Amino acid sequence: MQRYVNLLIFAAALIAAVGARAASYTITPEMWMQPRSGEVMLQMAPVRAAVQDWMQHPGAKLVILHSGDDMGSLWASEVQDWLVSLGIPSADIVKQVSGQDENSVTLEVMP
């Protein structure tokens, strides 16, 4: 009987982990080409949605996924600087190289 209880607990934990996938918010080059200000940043739908998502999950990290080339790293650093200027603590922001398209940066909120 205990074995079945343990199996059910494991299955529930696995289902919860799969359900906890982060939503993705992609910033395209066209969006990023706009002259930037705090107001413009918050008008960018992916940035606004990611910030709102982060605010709804206390203790969450805001992950910036970017390509590993120089341009991707520079773009991710600029996004990070703007997020900090919008009031997100730098300790809550993580930059991560991914194998994604080099022509975009994706924001994810990780609980």
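A short reminder: the numbers here are calculations on the coordinates, not readings from a lab. Just so you know, these numbers come straight off a predicted model, no measurement behind them.
Taking only C-alpha pairs under 8 Å that are 6+ residues apart, what is the relative contact order of the range 21-110 in percent?
Numbers: 135 pairs, mean separation 40.9, N = 90.
About 45 percent, as a whole number.
Would you grab the residues whose amide H sits under 5 Å from the one on residue 94? Only those 5+ places off in sequence or on another chain, please, with H modelled 1.01 Å from N.
Correct list: 62, 63, 64.
Quick one: Debye curve from the C-alpha atoms of the range 21-110, no solvent, what's log10 I(q)/I(0) at q = 0.17, 0.20, 0.26 Å⁻¹?
Results for the range 21-110 at q = 0.17, 0.20, 0.26 Å⁻¹ read -0.63, -0.90, -1.56.
What is the gain in length, in nm to one decimal, between residue 73 and residue 94 on full extension, counting 0.36 nm per residue of separation less the C-alpha to C-alpha distance?
Taking residue 73 through residue 94 to full extension adds about 6.3 nm, to one decimal.
Step through the residues of the range 102-109 one at a time and calculate ³J(HN,Hα) from phi using the Karplus curve (6.51 cos²θ - 1.76 cosθ + 1.60, θ = phi - 60°), rounding each to whole Hz and writing x for Gly and Pro.
6, 9, 7, 10, 10, 9, 9, 9
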